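Novice: Have a look at the structure that comes next, please.
The values are calculated or read from the model by the stated rules, or taken from the named source; none is laboratory data. This one's a predicted model, so the numbers in the text were calculated from it and none came from an experiment. So basically every Cβ, Gly included, is an ideal-geometry build from the backbone, and we count neighbours across all protein chains shown. Ligands, DNA and RNA are excluded from the accessible area calculation, which covers all protein heavy atoms including side chains. Shrake-Rupley method; radii C 1.70, N 1.55, O 1.52, S 1.80 Å.
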Amino acid sequence: AVVDAFETTDPQLRLSLLRKGFFVANEDRLTNHLQKYPAAQDAEPELRMLCEASAQHTAWLHQQRMARLTRALIAQYAALKRERGWVDMNDVERAAQVMLSDSVLSGWVQERLDARIRHLMIDEFQDTNPLQWQALSAWLSSYAGAGQAPSVFLVGDPKQSIYRFRRAEPQVFRDARGFIRDNLGGDILSCDHTRRNAKAVIETVNTVMTAASQSDGYEGFRPHSTDSKADGEVGCLPVIPRGTESGAESDVTADGSHESDAPPAWRDSLTTPREVPEETLRTLEARQAAAWVAEQIAQGLQPSSIMVLSRKRAGLLPLQDELRALHIPAQVGEKTELIECCEVQDIVALLDVLVSPGHDLSLARALRSPLFAMDDSRLVQLAVLQREWQGASPQGSGQESKQESKQSWFELLQSAERLGPDSELLQQAGLALARWKNWLDTLPPHDALQAIYDDGDVLARFAAAAPTVRRAAVLANLRALLGVSLALDGGRYTTPYGFVRALKAGGTQAPATVSAGAVRLLTIHGAKGLEADAVLMLDTDAVERNADSMAVLLDWPGRSVTPEKLVFMVSESRPPACAADLLDSDLAARQREELNALYVAMTRARGTLAISSITPHRPNAGSWWQRIAAVAPERSAPTAPAEIADHPMTGTEGSFVLPVLPAVSSQPAISAFKATEDEDSPRARIGKAMHRLLEWGGGLSAAHRAAAAREFRLSPSQIGEAADMARRILVGEGAWAWQPERLAWQGNEVDLVHSGTALRLDRLVQRKDPGHEGHWWVLDYKSATAPQRQAALVEQLRNYRQAVQRIYPDAPVTAAFLTGQGALVRVD
């Protein structure tokens, strides 16, 4: 090997050959064969040093390349943000730091803060990152030794620091604590007593975390005490062993098939999904967890009193399906992609088939969805009819015959004579699909989708099909989908195909909804700060994390204004010499965060704590399961009934309250609803123009009048009449409603929702003049001389006042008409 190495003139290749000949693969130490040669032992230190130098040089080149790339990316990202007018969280934090530390700005900013703030309390301080602390310390440093500092109270627990992915680390808390003590004369107060956890839970926490302190160097933990009088319970569910899934894992070949002597079993693909071993193991764990949840409910717990925790959100989705099968309401309480929601996928499947009518699978989903609510028998009927249709087609070799043999379900639904006389439901679906396809082909996506929603009564159909506790979330997701159709490319220029592709690409978050009667399914990070009577932890025996590749190491002590070291690393398994110590520190911080996450998860339980696991690929002595199972008893496998009905405490959420419309008056002139032709009459258009001029803040200029005349198709005399009425309102009995010195707040065309009905108030103001402080006024413009004589208008205005009163229950609220003659008419 030495001879071969020195025959080459390339120093790098020579070193590589020497390393390969002397050292063990992937380790810079002598092979067993060379360890008996003194010459090799003498050469080893020098060769190791050369290898380290080579690795260091390679890492330096990688660092330079990544630094150049990073600068280019940051510059382009900054340019994009300026172009779009975007501001991200880093910009906000950086701006705060600049304003509080810049030599020119900081004096003015700190002076204003001094005038307003006497007491400062920051909760959850262990989640503060170095940049945030530098902004805060730049302000507080000015008080060091001054004696007039505001009282500062930092509340935090380094044991709950689990947000390293956004640079929040315990060392920032320690530096801040030292700053408050040394520079502001603060005191350090500690509390190891809780009111949350039952005795058994606290005993388990103390035992597990004390053992971690002794074996893993987990610093800062002291045994806790509790004020709870409940005994509590901690237990381990039976481990899900490998090999219990359908088909042992060792029998799975590279292409996903099973090597077995047994004949393959037929699988109904409509009802039985194809399973791979790892997915099946997770399903088995989820099924056992669902049975445990059902047991807790059977013992008297509300579903909302149960929380299930997982390291990753993906581990919660199989459990959600299993709980749904038992009719147990459950909600994944964190950010969800809109496209992951079942109801949204149903609508996207509909759009997919309207864009591509040959997509039978999408049509099958749309037909099974609440849009048409067809059962499997209808789908089988369609499949049989399609097969008969294809069998009856001519079997020629021409293109026409070939095309005839590929008729889709969509085309079949358009052929009433082929569907037969007993297929009325299928025929109706075919007519609706044809009508909707025409809209999607001729209208912008948003307009077409809105028309489909209205024509198909989409919201009502999905609301009726949804479980009680999920109804609000389903409706919110469907409305959000409609909003997305308007947001993508402005809702006007995107194609239907582009809209479907954009939806499937993801990136749009579903609206956050809270189901008060559902089991909460959360990640550890999402559960921080929450608690529940019973907590189940999933997947607690995970394998140890592999070394990262293409990683970034950052050394930013809390006391430093800027990071001290930033390293782009190709592989953590072979770090360069300059980053070895930093990597060791980072690995230690990861291990501490892992134990912090365990502490957070266990302390979410008020009374009952259970853990679940799957036998890992390889043992992990430091896993959560190994730590807790050593002190917690194993309990028997839970059993659950086939299904559980809606919980009685949540049944009332399914009731609807229909708003009662006011009675129609016998006098057509004061009817609450006017005919279409009345809405477009000259008198109605003049009234609308008056509203528009007042909406523009009393815009009576020639330009405003011309714009209103164009919008409402008014002649010069008609727009003059509208402007005169607006002027009389502005200078009449309600003129004070436009005087800034008398108003604390004012708004035109204010949108509100009251009792499920959308309202729009012409003008809403809050007074601040003496004797009227805090008084709200709801003002409604009317061109009629005596609107108070029209019962429907009076009832409408009273409804406006009730809506505002509900928002401000302790403030006086008055409603009044402002007439085109300048009168202010109060309505009691």
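Novice: From the Cα gyration tensor of region 740-828, with a ≥ b ≥ c the square roots of its eigenvalues, which class applies: rounded if a/c is under 1.5, or else prolate if a/b is larger than b/c, or else oblate?
Specialist: oblate
Novice: Short version: ³J(HN,Hα) in whole Hz for each residue of region 292-297, in order, from phi by Karplus 6.51 cos²θ - 1.76 cosθ + 1.60 (θ = phi - 60°), x for Gly and Pro, what are they?
Specialist: 5, 4, 4, 4, 4, 5
Novice: Right, something else. Mind checking which lysines have their C-alpha under 24 Å from residue 36, skipping anything on the same chain fewer than 8 residues away?
Specialist: Result set, ordered by chain and number: 20.
Novice: Then there's this: Please figure out what share of the DSSP beta bridges in region 525-631 is antiparallel and state it in percent, rounded to the nearest 5.
Specialist: 55 percent
Novice: Distance from the Cα centre of region 802-828 to that of region 409-457, in angstrom?
Specialist: 48 Å
Novice: Ordered by residue, what ³J(HN,Hα) values in Hz, to whole numbers, does region 723-728 give under the Karplus form 6.51 cos²θ - 1.76 cosθ + 1.60, where θ = phi - 60° and Gly and Pro are x?
Specialist: Computed from phi, the couplings for region 723-728 are 5, 5, 5, 4, 5, 5 Hz.
Novice: Just name one of 160, 142, 345: the one whose Cα is farthest towards the positive end of the charge dipole of the chain (beta-carbon charges, Lys/Arg +1, Asp/Glu -1).
Specialist: Positive-end residue among those listed: 142.
Novice: How many angstrom separate the Cα center of region 126-196 from the Cα center of region 602-629?
Specialist: 32 Å
Novice: Let me ask something additional. Of all alpha-carbon pairs in region 40-145, indicate the percentage at a distance above 15 angstrom.
Specialist: 78 percent
Novice: Return the long-range amide H neighbours of residue 606 (sequence gap of 5 or more, or a different chain), with a cut-off of under 5 Å between placed amide H atoms.
Specialist: 532, 533, 534
Novice: Follow-up question, since we're still on this one. Could you list which residues have their amide H under 5 Å from that of residue 156, counting only those 5 or more apart in sequence or on another chain, with H placed in the peptide plane?
Specialist: Answer set, sorted by chain and number: 125.
Novice: Please state the charge dipole magnitude for the chain, taken about the Cα centre, from unit charges on C-beta atoms (+1 on K and R, -1 on D and E), reported in debye and rounded to the nearest 20.
Specialist: 2500 debye
Novice: Tally Lys and Arg at +1 and Asp and Glu at -1 over the other residues with C-beta under 10 Å from the C-beta of residue 48: what net charge comes out?
Specialist: Around residue 48, the surrounding residues sum to -2.
Novice: Separate question: Is the C-alpha gyration tensor of region 88-134 telling us rounded, prolate or oblate? Criteria: a/c under 1.5 is rounded; beyond that, a/b larger than b/c is prolate, otherwise oblate.
Specialist: Oblate.
Novice: Give 335/504; 312/528; 199/312 a once-over and call out the pairs whose C-alpha atoms are over 22 Å from each other.
Specialist: From the list (335/504; 312/528; 199/312), the Cα-Cα distance tops 22 Å for 199/312.
Novice: Another one. Any idea what the dipole of region 103-236 comes to, in debye rounded to 20, about its Cα centre with Lys/Arg Cβ at +1 and Asp/Glu Cβ at -1?
Specialist: In total the dipole reaches around 260 debye.
Novice: If amide hydrogens are placed 1.01 Å from N in the peptide plane, which non-local residues have theirs closer than 5 Å to the one on residue 330?
Specialist: 519
Novice: Give me the accessible area per residue for region 436-563, probe 1.4 Å, as a whole number in Å².
Specialist: Dividing the accessible area of region 436-563 by its residue count gives 46 Å².
Novice: Something else now. Only helical DSSP H runs with n ≥ 4 go in: add -39500 (n - 2.57) per run for the chain, normalise by residue count and round the 222 nm mean residue ellipticity to 500 deg cm²/dmol.
Specialist: Computed ellipticity for the chain at 222 nm equals -14500 deg cm²/dmol.
Novice: Looking at the chain only, what percent of DSSP beta bridges run antiparallel? Nearest 5 please.
Specialist: 45 percent
Novice: Positive end of the dipole of the chain, charges at C-beta (+1 Lys, Arg; -1 Asp, Glu), about the Cα centre: which of 57, 284, 703 has its Cα farthest in that direction?
Specialist: So the residue we want is 703.
Novice: On to the next question. Going highest first, how would you order 203-212, 712-721, 109-118 by mean Cβ packing within 10 Å?
Specialist: Ranking the peptides 203-212, 712-721, 109-118 by packing returns 203-212, 712-721, 109-118.
Novice: When Rg and Dmax of the Cα atoms in Å is calculated directly from the model, which label among [x] 35.3, 127; [y] 35.3, 116; [z] 33.3, 107 fits?
Specialist: Entry [y].
Novice: When we measure straight from the Cα of residue 688, which lysines land under 18 angstrom away, once same-chain ones fewer than 8 places off are left out?
Specialist: Straight-line reach from residue 688, under 18 Å: 674, 782.
Novice: What FRET efficiency would be calculated for the residue pair residue 181, residue 230, taking the C-beta separation as r and a Förster radius of 45 Å, to the nearest 0.05?
Specialist: Efficiency computed from Cβ-Cβ geometry: 0.75.
Novice: Okay, moving on. HN-Hα J couplings of region 126-137 from phi, Karplus 6.51/-1.76/1.60, θ = phi - 60°, integer Hz, Gly and Pro as x?
Specialist: Using θ = phi - 60°, the values come out as 5, 8, 7, 9, x, 5, 5, 5, 5, 5, 5, 5 Hz.
Novice: Percent of Cα-Cα pairs per 10 Å bin, from 0 to the last occupied bin, for region 91-233, please list those.
Specialist: 10, 31, 30, 17, 10, 2, 0
Novice: Please give the Cα centre distance for region 558-592 versus region 535-549, rounded to the nearest Å.
Specialist: Using only Cα atoms, the two centres lie 22 Å from each other.
Novice: Here is a follow-up. Placing +1 at every Lys and Arg Cβ and -1 at every Asp and Glu Cβ, with all other atoms neutral, what dipole size does region 66-118 have around its Cα centre, in debye to the nearest 20?
Specialist: For this selection, approximately 160 debye.
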